[in-house]
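Structure, as structure tokens:
The values are calculated or read from the model by the stated rules, or taken from the named source; none is laboratory data. Only a predicted model underlies this, so the values are computations on that prediction, with no experimental measurement involved. When we count neighbours, we look across all protein chains shown, and the Cβ atoms used for this are built from the backbone with ideal geometry, even at glycine.
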């Protein structure tokens with residue numbers, strides 16, 4: 001049971017982080033700092049050139065993250081701030097925690113997944129659910145985002 005408590009704590013921290021990011025404006029305010037090229041970096045007295053870690057970018061598909069794109073999971077009709085990868089989706093909705101739980105009980109059961117009710121937790125607007133089927137486990141976590149919406153994350157458990 002401690003394993004699942006730790007997992008739930010991690011999910012709650014991730015959701016809280018996403019909620020803070022959303023409230024603070026998310027990625028729209030993100031700026032990549034200027035990194036000097038190797039020709040602009042002065043040599044040290046020892047003749048060695050200090051190195052700067054490379055900035056990883058993927059111009060073709062934004063590092064596998066699609067903002068507002070297709071999701072491997074169903075999302076609420078009023079979903080906004082959608083971020084998806086082939087393994088997960090995070091979004092916000094104005095639906096209540098109870099309505100989100102009902103939505104995924106219905107939708108995922110249609111896809112052949114069964115809820116592990118022993119793992120379902122709901123308190124204070126925070127939800128955690130696990131669905132199993134097709135040899136996979138889907139983890140759902142939800143938490144209030146602070147603006148009256150609920151931040152929802154679904155991911156395949158590794």
Unmet criterion (only one of (1) farther than 16 Å from residue 79 by Cα; (2) at pLDDT 95 or above) for residue 125: (2)
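Can you give me the number of residues within the stretch 87-117 that are in a strand (DSSP E or B) and farther than 18 Å from residue 71 by Cα? Even if it seems obvious, please write down each step before you answer.
The initial filter retains those residues of the stretch 87-117 that are in a strand (DSSP E or B), namely 88-93, 114-115.
Still in the running and farther than 18 Å from residue 71 by Cα: 114-115.
Within the stretch 87-117, residues that are in a strand (DSSP E or B) and farther than 18 Å from residue 71 by Cα number 2.
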Qualifying positions in the stretch 60-81 - modelled with pLDDT of 85 or more and either in a helix (DSSP H, G or I) or surrounded by 13 or more Cβ atoms within 10 Å (Cβ to Cβ) (or both): 73, 74, 75, 76, 79, 80, 81
Output for the stretch 128-158, where each listed residue is free of Cβ contacts under 8 Å to residues at least 60 places away in the same chain, under 24 Å from residue 78 (Cβ atoms) and assigned to a strand (DSSP E or B): 129, 131, 140, 150
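One line per residue, one yes/no per condition, for (1) under 20 Å from residue 87 (Cα atoms); (2) touching a strand residue (DSSP E or B) at 6+ places or on another chain (Cβ under 6 Å):
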{"residue": "106", "(1), (2)": "no, no"}
{"residue": "109", "(1), (2)": "yes, no"}
{"residue": "113", "(1), (2)": "yes, yes"}
{"residue": "118", "(1), (2)": "no, no"}
{"residue": "125", "(1), (2)": "no, yes"}
{"residue": "128", "(1), (2)": "yes, yes"}
{"residue": "134", "(1), (2)": "yes, no"}
{"residue": "142", "(1), (2)": "yes, yes"}
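Please pick out the residue among 122, 84 that is in a strand (DSSP E or B) and surrounded by fewer than 16 Cβ atoms within 10 Å (Cβ to Cβ). I'd like the intermediate steps shown before the answer.
Numbers: 84 fails: surrounded by fewer than 16 Cβ atoms within 10 Å (Cβ to Cβ).
Of 122, 84, the one residue that is in a strand (DSSP E or B) and surrounded by fewer than 16 Cβ atoms within 10 Å (Cβ to Cβ) is 122.
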